[in-house]
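Bear in mind that the values in this text are calculations on the coordinates, not laboratory data. Small disclaimer: the values here were computed from a predicted structure and weren't measured. FYI the Cβ positions are ideal-geometry reconstructions off the backbone, even for glycines, and counts take in every protein chain you see.
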Amino acid sequence: MTYDAAFRVWRGDAEGGDLRDFTVAVNEGEVVLDVIHRLQATQAGDLAVRWNCKAGKCGSCSAEINGRPRLMCMTRMSTFGEDETVTVTPLRAFPVIRDLVTDVSFNYEKAAQIPAFTPRSREKDGNHRMQQIDVERSQEFRKCIECFLCQDTCHVIRDHEENKASFAGPRFLIRLAELDMHPLDVVDRRDAAQEEFGLGFCNVTKCCSEVCPEGIHLTDNGIIPLKERVVDRKFDPLTWLGAKIGRRPRD
Amino acid sequence: MELEKHEYDVVVVGAGGAGLRAAIEAHDSGARTAVVCKSLLGKAHTVMAEGGIAAAMANLYPEDNWRVHFRDTMRGGKMLNHWRMAQLHAQEAPDRVRELEDWGALFDRTPDGLISQRDFGGHRYARLAHVGDRTGLELIRTLQQRTVALGIDVYMECTVTRLLTDEDGIIGAFGYWRESGRFVAWQAPSVVLATGGIGKSYKVTSNSWEYTGDGHSLALQAGATLVNMEFVQFHPTGMVWPPSVRGILVTESVRGDGGILKNSAGNRFMFDYIPDFFRKETAETEAEADRWYDDKKNNRRPPELLPRDEVARAINSEVKAGRGTPHGGVYLDIASRRSPEYIRKRLPSMYHQFRELAEVDITAEPMEVGPTCHYVMGGVEVDPDTEAARVPGLYAAGEVAGGMHGSNRLGGNSLSDLLVFGRRAGQAAAEHAHGCAGRIELPDDALAEAGRAALAPFEREGGENPYTVQHDLQQTMHDLVGIIRTAPEMELALERIAALKERVANLSVEGHRQYNPGWHLALDLPHMLIVSECIARAALEREESRGGHTRDDFPGPDPGWGKTNLICSSASDGGVAIGHQPLPQMPAELAEIFEETPS
């Protein structure tokens with residue numbers, strides 16, 4: 001079942017680069033990452049690529065395969081014809097470091113800006129009690145493996161470097177949603193979501209949900225409910241009045 | 001030489017569960033703390049842990065307590081564990097799990113709203129706090145977010161190649177940025193190793209590229225000792241097909257949640273492999289085993305939930321006897337025993353993994369599984385209360401430390417180990433740093449020498465490709481120091497390792513220093529060889545079978561060996577020396593726990 005596949009892999013660095021052609025053996029059941037590793041071991045020892053678990057759990061080996069943002073470890077070679085050229089390029093939304101490795105520090109900077117989780121106090125017996133149904137909403141977002149494919153595909157930043165300062169991207173909008181829905185958290189991040197993290201930039205085209213390898217419904221279950229909550233707060237006359245007369249704290 | 005220098009009180013090497021927990025504690029103890037990790041933050045191997053965190057919280061079984069957990073852990077390790085580590089672990093695990101909730105973790109719940117707990121091999125009661133089958137991800141994300149919230153410095157994609165010492169102990173560490181290849185040194189009186197394991201020395205493994213034994217090797221070279229290195233855990237259930245995914249973990253939760261093992265004849269063969277040591281607590285019939293899931297009082301545990309060493313050996317024997325599946329494994333069947341809804345709810349990532357990678361629907365058909373190198377019980381010999389190694393200022397926690405798990409680790413005891421001993425190591429490392437008056441300047445000659453050694457593979461031309469050498473090492477360890485061992489094979493392995501060492505000394509790499517995986521591998525290989533030598537030498541020395549060490553030529557346990565630890569240290573010729581050391585004896589009040597008959 002072994003055959004020779006045609007691969008085109010982007011090689012280069014911040015200065016520039018180009019697609020290189022390779023012919024490389026493919027065995028039954030293999031994924032794109034196996035083939036990239038074979039290239040490393042036999043034809044291009046210094047080919048730069050990130051990877052860790054090779055099982056779709058760590059989100060390290062993100063790339064664009066035939067133009068689509070995907071995990072290399074979860075893209076089976078059987079999804080391509082044997083005569084089809086497979087093109088592997090680095091994530092376009094982030095600056096290239098070398099070959100398939102990009103500088104994803106944008107994501108770590110945004111993560112650090114999000115107001116931290118702040119729990120209510122424990123019950124008298126030292127436990128927190130929560131119902132399964134209440135934790136499941138946030139659990140969906142905590143499945144996120146931080147592969148940043150959603151960030152890569154989001155048109156707000158994909159070709160708009162200038163928006164990065166004011167938009168955190170889908171990954172961190174669902175982080176905000178996760179905290180907002182967290183049964184124990186007591187901080188209100190709705191103003192921040194809108195003003196600092198650019199919730200309003202998202203016009204719910206759902207591209208992020210489509211590329212999520214964890215099947216998280218970022219838009220439907222995270223971003224849209226968060227937008228609704230922000231709107232509630234902005235136009236809730238009681239909240240407005242309460243804040244004005246000082247009876248209800250703003251946060 | 002271009003070199004970036006930093007100063008800290010505590011430098012933690014590794015950003016998995018143990019490293020991050022250590023860093024959080026060191027920071028909270030007032031130490032200026034840095035974490036250095038080979039991958040991006042949040043990608044460490046802890047993320048792969050599936051089943052859960054073992055802690056006797058008694059949320060489902062009020063009968064559970066630290067004494068039962070301690071007993072299970074010691075028996076699972078065939079009594080070779082350091083009793084004090086097993087005790088601290090069992091006592092402190094529940095608090096370590098609860099504090100994760102204060103940092104944002106969201107575990108699955110019981111009907112009362114408490115943290116739910118699941119059954120696992122070797123644990124008397126349902127004890128594993130979990131989030132579906134992605135508990136490791138929850139653990140790492142929680143600790144990562146806490147680390148970020150505290151503002152701890154993290155050096156991502158940065159590899160430590162040397163520990164720097166003077167006559168009084170640790171003074172710092174040296175390494176390189178993977179991204180640029182530039183050198184960096186940290187001046188620090190305390191270093192915590194939390195580098196994980198060694199699985200990449202084996203061909204079939206559940207471990208990622210990072211598991212090259214760096215911490216084990218760095219500790220040895222700095223003058224510390226390693227204990228129990230002969231004990232390597234082969235997880236009974238790794239994927240076996242297709243070939244490219246061979247070794248990827250299939251969580252023990254499949255069995256904890258009702259899955260059973262069958263051979264090609266359809267027999268539930270684990271009933272034929274119940275050792276005398278566990279006979280009293282294991283079900284005798286399929287009917288009893290099936291009743292146990294709902295009624296633990298009146299029934300005993302299914303043999304599929306024996307400790308991992310027992311199950312792995314049984315699968316190995318079935319396949320050898322010709323009763324394996326077409327791809328050389330056995331069947332793991334949950335499809336015929338639980339509803340598709342239950343399976344998808346309890347085991348979502350297994351469902352996903354098999355559907356995507358093997359085109360198998362685990363709610364409709366059995367999985368094919370076989371043993372895969374998963375975990376090393378052996379590691380840096382540490383003081384149980386402080387995780388201090390024999391070199392002052394050096395600490396080790398998590399998989400890189402030894403002693404806690406004896407000859408075999410129970411599932412679920414790893415995540416709790418990371419938290420309990422990560423915290424203790426961070427605390428002790430901070431305390432040590434506070435006691436160190438004044439900084440010791442890193443000597444220029446040591447830094448220059450570390451830099452030269454790191455660049456050597458670029459200087460040589462026409463040498464061998466590091467990937468080929470790695471492949472040959474993996475094949476050697478797989479064939480000769482694997483799950484079943486004999487003296488002649490291990491002697492041959494040691495000869496091959498010696499030859500591989502010479503080849504490693506002559507490697508060359510192409511390209512330049514910027515993000516060059518070939519170069520990185522060339523620098524990891526010496527670590528892999530030292531660790532492999534430790535495993536092979538200790539395994540050759542221990543002439544008995546116990547836990548994760550099975551000798552075909554010495555098939556049973558030996559009472560004398562049951563009181564002996566093997567200690568690896570660095571020999572003057574750069575090789576590995578082996579010494580015998582008596583096992584620490586537990587006090588009478590703990591020994592009594594093993595007299596009690598389980599109710």
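What to note about this one:
- In the range B:461-511, the GluC sites (Glu not before Pro) that fall in loop regions by DSSP, at most 14 other Cβ within 10 Å: B:E461, B:E510
- Interatomic Cα distance distribution for chain B, bins of 20 angstrom, percent: 21, 57, 21, 1
- Computed over the protein assembly as shown, the quotient of the alpha carbon radius of gyration and 2.2 N^0.38 Å is 0.91.
- Relative contact order, percent, the range B:234-371 [alpha-carbon distance under 8 Å, six or more residues apart]: 34
- Plainly put, the range B:454-581 has a radius of gyration that is 1.06 times its Kirkwood radius, both from alpha-carbon atoms, as the Rg/Rh ratio.
- Calculated [θ] (222 nm, deg cm²/dmol) that DSSP helices of n ≥ 4 give over chain B, each run adding -39,500 (n - 2.57): -11000 deg cm²/dmol
- By the equivalent-ellipsoid construction on the alpha carbon gyration tensor, the range B:287-341 comes out with semi-axes of 25, 16, 8 Å, ordered largest to smallest.
- Peptide B:509-522 shows a mean partner chain C-beta count of 5 within 10 Å per residue C-beta.
- Prolate/oblate/rounded call for the range B:64-196, Cα gyration tensor, a/c under 1.5 rounded: oblate
- Relative to the Cα centre, the charge distribution of the range B:237-280, modelled as +1 at Lys and Arg Cβ and -1 at Asp and Glu Cβ, gives a dipole magnitude of about 60 debye.
- Shielding of B:104-115 by partner chains, average beta-carbon count, 10 Å: 6
- For the range B:185-297, the square roots of the Cα gyration tensor eigenvalues, ordered a ≥ b ≥ c, give a/c of at least 1.5 with a/b greater than b/c, which places it in the prolate category.
- Model label zone, A:A6; criterion: amide N under 15 Å from point 7 Å along Cα-to-beta-carbon; scope the range A:75-115: A:80-88
- For chain B, the longest piece that avoids every one of the trypsin sites (Lys or Arg not before Pro) found in DSSP loops with at most 11 other C-beta atoms within 10 Å covers B:298-599.
- Among A:I174, A:I65, A:I133, residue whose mean-square fluctuation peaks in a GNM of chain A (springs only between Cα atoms under 10 Å): A:I133
- Extended-chain gain in nm, criterion 0.36 nm per residue less alpha-carbon gap, B:N506 and B:A456: 17.1 nm
- Positive-end extreme of charge dipole, the protein assembly as shown - chosen from A:A63, B:I578, B:L540 (charges on Cβ): A:A63
- Reducing the range B:115-153 and the range B:495-565 to their Cα centroids gives an inter-centroid distance of 31 Å.
- Cα gyration tensor, the range B:234-371 - rounded (a/c under 1.5), prolate or oblate: oblate
- Hydrophobic long helices, here whole DSSP H runs in chain B with Kyte-Doolittle means of at least -0.5 and Cα atoms spread over 27 Å or more along the helix axis, are found at B:413-434, B:517-541.
- Extension gain from B:E99 to B:F594, taking 0.36 nm per residue of separation minus the Cα-Cα distance: 175.2 nm
- Under the convention that each Lys and Arg Cβ holds +1 and each Asp and Glu Cβ holds -1, the size of the dipole of the protein assembly as shown around its Cα centre is about 1800 debye.
- Cα centroid of the range B:182-217 to Cα centroid of the range B:426-458, whole Å: 17
- Legend: residue pairs B:K38/B:K262; B:K78/B:K200; A:K124/B:K280; B:K38/B:K203; A:K110/B:K203; A:K110/B:K345, Cα-Cα distance threshold 28 Å; pairs beyond threshold, B:K38/B:K262; A:K124/B:K280; A:K110/B:K203; A:K110/B:K345.
- Between the C-alpha center of the range B:241-298 and that of the range B:87-108 there is a gap of 28 Å.
- Each Lys and Arg adds +1 at its Cβ and each Asp and Glu adds -1 at its Cβ; summed about the Cα centre, chain B shows a dipole of about 1060 debye.
- Amide H contacts for B:T110 (H built 1.01 Å from N in the peptide plane; partners 5 or more residues away or on another chain; cut-off under 5 Å): B:I115, B:S116.
- For the residues of B:300-310, the average number of beta carbons from a partner chain within 10 Å of their own beta carbon is 0.
- Theoretical gain in end-to-end length, B:D385 to B:R182 [0.36 nm per residue, Cα-Cα removed]: 69.4 nm
- Per DSSP, loop GluC sites (Glu not before Pro) in the range B:97-178 with at most 13 further Cβ within 10 Å: B:E167
- Mean separation of Cα pairs under 8 Å and 6 or more residues apart, divided by the residue count, gives chain B a relative contact order of 21 percent.
- Using alpha carbons only: equivalent-ellipsoid semi-axes of the range A:72-199, gyration tensor based, whole Å: 35, 20, 11
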